[in-house]
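Every number here is computed from the coordinates shown, using simple stated rules; none is lab data. Treat the numbers as computed from the prediction; the structure is a model and nothing was measured. Cβ atoms come from the backbone with ideal geometry, glycine included; neighbour counts cover every protein chain shown.
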Amino acid sequence: MLRNKLPGKGTTIFTVMSKMAQDEGAINLSQGLPDFDGPQALRERVAHHMAHGHNQYAPLAGVMGLRQQIAAKVLDLYGCHIDPDSEVTVTPGATEAIFCAITAVVHPGDEVIVFDPAYDTYEPSVTLNGGRTRHIALHYPDFAIDWQQVKDSITDRTRLIILNTPHNPTGTLWGEQDIQQLREVIAGRDIHLLSDEVYEHICFDDRPHLSLLRYPDLAARTFVISSFGKTYHATGWRVGYCIAPHPLMEEFLRIHQFINFSTNTPLQYAIADFLRDCPQHHRELGAFYQPKRDLFLELLKKSKFGMPPSRGTYFQLADYSAVSTEPDTEFAARLTREYKVAAIPISVFYLDPPQQQIVRFCFAKHDDTLREAAERLLRL
Ligand code: GLN
């Protein structure tokens, strides 16, 4: 018998709910994935590079052309200069990047601060490295961070704070006051930051994405992680990246080389071409998704759900307390079985779930899919 390294952890909620959606023939608004393909020109570049000999191992840190395009992008968007040779690594998905960054920092006994609801890969990655997470719970509807509580949670063993903006699952964005508070709580301490920014291009209502790459003092201690899957409607491609100052990246690479060694080669060439030829795609991604958010909210205006508009990501929370007092895991299962719409319960992202009745819907769907789902949800 093997001894479980992650006691209490079952199968991830995304797999559970997508399977339930499939088994029940429900519209799947649970796991975050578009029901449409990314740009045809990009897909053609993948085919092109496969047909033209780009099929062997890529360099450890990624294809240089892609690293250069990532550097050009963060200079353009965030005014941040990075060295493509030593400060960026392309990874098979952001999930691996998160694991490598955590593994690079966390030694047994170290503490890591996470904000709940926290994406479900953070805590297991800390645990597998012998670290301990300290959880700060954020609450519906605004999920604002209590910075005094953060300050009180920092100890001499705190090595890392994990932040995520735009935030999955709540759809909130960090503001300048969060950046300032963060700066104050870590001042003079040997604490690193992991900034999960995989939804960086999906911000609404003209609010900017506050990448930590905008702030040189913070970027100097940060692993910034992003993803091409969200940006190019291709979550199955598994291509993400990490940006970090050279000394941090050295440790990151030491780990990455023994986990995946490198990332899918033809995809990297194709994404590099597309970033160069079509930067408007990522610049306009917020404008692409905002009408979908608005359509979904409009369709459900007369529903019993409370839905404070998402400010970023392709997720929308729904408060169902006017409909039922069931725990959200039960409600999400019943919604899938009886109403044929799958959603993600939020309580699974808390160490200690507060009394709130909230599920998450993904609106990265064709408008017709959203219309059909809303029609079913209006029956509640
Ligand atoms: N990031 C996706 C979500 O939040 C899920 C990714 C996964 O299934 N691992 O829905």
Asp23 versus Phe258: modelled label distance in nm, points set 7 Å from Cα along the beta carbon direction: 3.8 nm
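When only DSSP loop residues count, what trypsin sites (Lys or Arg not before Pro) in segment 122-182 have their Cβ near at most 14 other Cβ atoms within 10 Å?
Working: sites: Arg132, Arg134, Lys151, Arg157, Arg159; in loops: Arg157.
When the trypsin sites (Lys or Arg not before Pro) of segment 122-182 are filtered for loop state and at most 14 Cβ neighbours within 10 Å, Arg157 remain.
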For segment 1-45 and segment 50-92, distance of Cα centres in Å: 27 Å
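How much length would be gained if the chain were fully extended between Met1 and His246, taking 0.36 nm per residue of separation minus their Cα-Cα distance, in nm to one decimal? Write down the numbers at each step before the final one.
Working: separation 245, 0.36 × 245 = 88.20 nm, distance 4.19 nm.
Full extension from Met1 to His246 adds 84.0 nm.
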Pair Ala220, Gln68: separation of 7 Å Cα→Cβ label points (nm): 3.0 nm
Difference of contour (0.36 nm per residue) and Cα-Cα distance, Ser324 to Gln180: 47.9 nm
Spatially proximal lysines relative to Lys5 (Cα-Cα < 28 Å; intrachain offsets below 8 disregarded): Lys19
Cβ-based exposure ranking for Val341, Val150, in which fewest neighbours within 10 Å come first: Val150, Val341
Exposure proxy ranking, count of Cβ atoms within 10 Å, fewest first, for Cys362, Cys203: Cys203, Cys362
For Asp116, distant residues with modelled amide H under 5 Å away: Ile136, Ala137, Leu138
Most fluctuating residue given options Ser211, Ser324, Ser303, as computed from a GNM of the chain linking Cα atoms under 10 Å: Ser324
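Neighbouring Cβ atoms within 10 Å as the yardstick, rank Ile255, Ile202, Ile13 fewest first. Kindly include the intermediate steps, with their values, before the conclusion.
Details: Ile255 16, Ile202 26, Ile13 21.
Ascending number of Cβ neighbours within 10 Å: Ile255, Ile13, Ile202.
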Where labels lie 7 Å past Cα in the beta-carbon direction, separation of Glu44 and Arg376 in nm: 3.6 nm
Given the chain, longest segment not containing exposed loop chymotrypsin sites (Phe, Trp or Tyr not before Pro) (DSSP; at most 10 other Cβ within 10 Å): 58-380
Euclidean distance of C-alpha centroids, segment 331-378 and segment 195-216, integer Å: 25 Å
Shape call, segment 147-220: gyration tensor on alpha carbons, a/c limit 1.5: prolate
Spatially proximal aspartates and glutamates relative to Lys230 (Cα-Cα < 14 Å; intrachain offsets below 8 disregarded): Asp35, Asp37, Asp196, Glu197, Glu200, Glu284
Segment 1-120: C-alpha gyration tensor shape, a/c 1.5 cut-off, then a/b vs b/c: oblate
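Full extension from Asp35 to His107: what is 0.36 nm times the residue separation minus their Cα-Cα distance, to one decimal in nm? Walk me through the numbers before you get to the answer.
On the way: separation 72, 0.36 × 72 = 25.92 nm, distance 4.01 nm.
Between Asp35 and His107, full extension yields 21.9 nm more.
List the trypsin sites (Lys or Arg not before Pro) within segment 170-265 that DSSP assigns to loop and that have no more than 16 neighbouring Cβ atoms inside 10 Å.
Values: sites: Arg183, Arg189, Arg214, Arg221, Lys230, Arg238, Arg254; in loops: Arg189, Arg221, Arg238.
In loop regions of segment 170-265 (DSSP not H, G, I, E or B), the sparsely surrounded trypsin sites (Lys or Arg not before Pro) are Arg189.
By its C-alpha gyration tensor, with a ≥ b ≥ c as the square roots of the eigenvalues, how is segment 223-380 shaped: rounded for a/c under 1.5, else prolate for a/b larger than b/c, else oblate? Working shown, then result.
Values: a/c = 2.62, a/b = 1.70, b/c = 1.54.
Prolate, because a/c is 1.5 or more and a/b exceeds b/c.
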Mean separation of Cα contacts under 8 Å, 6 or more apart, over the residue count of segment 217-313: relative contact order %: 19 percent
DSSP-assigned coil residues among trypsin sites (Lys or Arg not before Pro) in segment 329-380, each with at most 14 further Cβ atoms within 10 Å: Arg379
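Please report the antiparallel percentage of DSSP beta bridges with both residues in segment 182-310, rounded to the nearest 5. Spell out each step's value before the answer.
Numbers: 4 of 8 bridges.
The answer is about 50 percent antiparallel.
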